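The values are calculated or read from the model by the stated rules, or taken from the named source; none is laboratory data. What you see is a predicted model, and the numbers here were worked out from it, not measured in a lab. Ideal geometry is used to build each Cβ from the backbone, glycine not excepted, and the neighbour counts take in all protein chains shown. Ligands, DNA and RNA are stripped out before the accessible areas are found, and what is left, the full protein with its side chains, is counted by its heavy atoms. Shrake-Rupley method; radii C 1.70, N 1.55, O 1.52, S 1.80 Å.
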Amino acid sequence: SSPGKLTAELGKMQSELDWRRAEGQAEWRPAQQYAVNVTLDSASAHPSLEVSQDDRSVSSRWAALFPAVPGDPQRFTEQMCVLSHQCFRTGLHYWEVDMCQRSRWFLGACLEAVARAGPARLSPAAGYWVMGLWNGCEYFVLEPHRRALSLHVLPQRVGIFMDCEAGKLAFFNVSDGSHIFTFTDTFSGPLCAYFRPRAPDGSTRPDPLTICPLPLRGTPVPEEEDGDTWAQP
Ligand SMILES: *[C@@H]1O[C@H](CO)[C@@H](O)[C@H](O)[C@H]1NC(C)=O
Ligand SMILES: *[C@@H]1O[C@H](CO)[C@@H](O)[C@H](O)[C@H]1NC(C)=O
């Protein structure tokens with residue numbers, strides 16, 4: 001395409017990024033006061049997953065037994081996930097997950113009752129509000145059908161904000177507070193945080209998914225305050 005067209009494209013991309021950032025931060029900053037240190041319930045973990053001693057990280061254990069096949073990330077026929085100890089029926093809750101360079105993962109929330117029903121459940125994605133990364137470049141949400149998200153830059157840390165009464169689950173890029181996606185639905189029961197490192201990772205960086213400890217914040221976060229503490233180390 002012509003240089004003029006390219007410049008216009010780049011301009012469009014830039015303004016989209018700016019918009020995501022401005023829109024996102026307006027929601028993301030106040031969300032942080034609802035921070036909760038969720039922990040992983042290792043009893044809920046699929047046997048292929050390894051939960052760390054401190055219940056904050058999960059990785060896939062049997063990578064060698066799951067040869068990399070071109071898979072269909074929308075299938076939820078096997079619950080290779082782990083849930084949080086905490087399940088929420090009411091209120092506002094915010095947590096963050098660091099996926100480092102991991103090339104495949106699913107994150108979000110699910111109905112406790114549905115997830116605990118076990119692997120026999122075959123219907124895809126009902127009761128799950130999940131976004132994911134597939135093969136390091138393809139972002140998507142399941143609603144319940146797979147829908148691609150256009151993200152130009154890969155977040156390394158994702159913030160998840162749950163509003164039980166409003167039926168919202170929002171995802172943010174923690175590096176700059178930009179908005180990624182929001183599900184709006186009716187939550188018919190308690191929701192747990194959902195983590196699925198998605199075996200096999202198939203990459204050279206099988207990093208675990210790690211829940212970030214968050215500071216306790218009693219009051220709304222003022223504009224422009226300490227942006228740096230939320231950046232990547
Ligand atoms: C998201 O996060 C990455 C780093 O993890 C950053 O480089 C990027 O600019 C962020 N924002 C957007 C809008 O993608
Ligand atoms: C999370 O845990 C850390 C200690 O690891 C603690 O300092 C912090 O206050 C906790 N945050 C919340 C929101 O409870």
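Taking first residues from the range 198-219 that are farther than 18 Å from V97 by Cα and assigned to a loop (DSSP other than H, G, I, E, B) and partners that are within 16 Å of ligand 1 (Cβ to nearest atom) and modelled with pLDDT of 60 or more, the Cβ contacts under 6 Å between residues at least 6 apart in sequence or on separate chains come to S203/S103. Just one of (1) at pLDDT 80 or above; (2) open to solvent by less than 80 Å² (accessible area, probe 1.4 Å); (3) under 16 Å from the mean Cα position of the chain (by Cα) fails for P73. It is (1). Of the strands (runs of 3 or more DSSP E) lying entirely inside the range 111-186, those containing at least 3 residues that are at pLDDT 90 or above are 128-134, 157-163, 168-173, 178-184. The residue that is farthest from ligand 2 (Cβ to nearest atom), among those in the range 154-171 that are small (G, A, S) and either open to solvent by 10 Å² or more (accessible area, probe 1.4 Å) or out of contact with any Gly (no Cβ under 9 Å at 6 or more places or on another chain) (or both), is G167. Among residues that are on the phi < 0 side of the Ramachandran plot and open to solvent by less than 10 Å² (accessible area, probe 1.4 Å), C192 is included. Taken as a whole, the condition of being open to solvent by less than 60 Å² (accessible area, probe 1.4 Å), modelled with pLDDT under 90, out of contact with any helix residue (DSSP H, G or I) (no Cβ under 7 Å at 6 or more places or on another chain) and assigned to a strand (DSSP E or B) does not apply to L107. Tell me, yes or no, whether the range 17-34 has at least one residue that is outside any helix (DSSP H, G or I), buried (at least 19 other Cβ atoms within 10 Å of the Cβ), modelled with pLDDT of 85 or more and more than 16 Å from ligand 1 (Cβ to nearest atom). No: the range 17-34 contains no residue that is outside any helix (DSSP H, G or I), buried (at least 19 other Cβ atoms within 10 Å of the Cβ), modelled with pLDDT of 85 or more and more than 16 Å from ligand 1 (Cβ to nearest atom).
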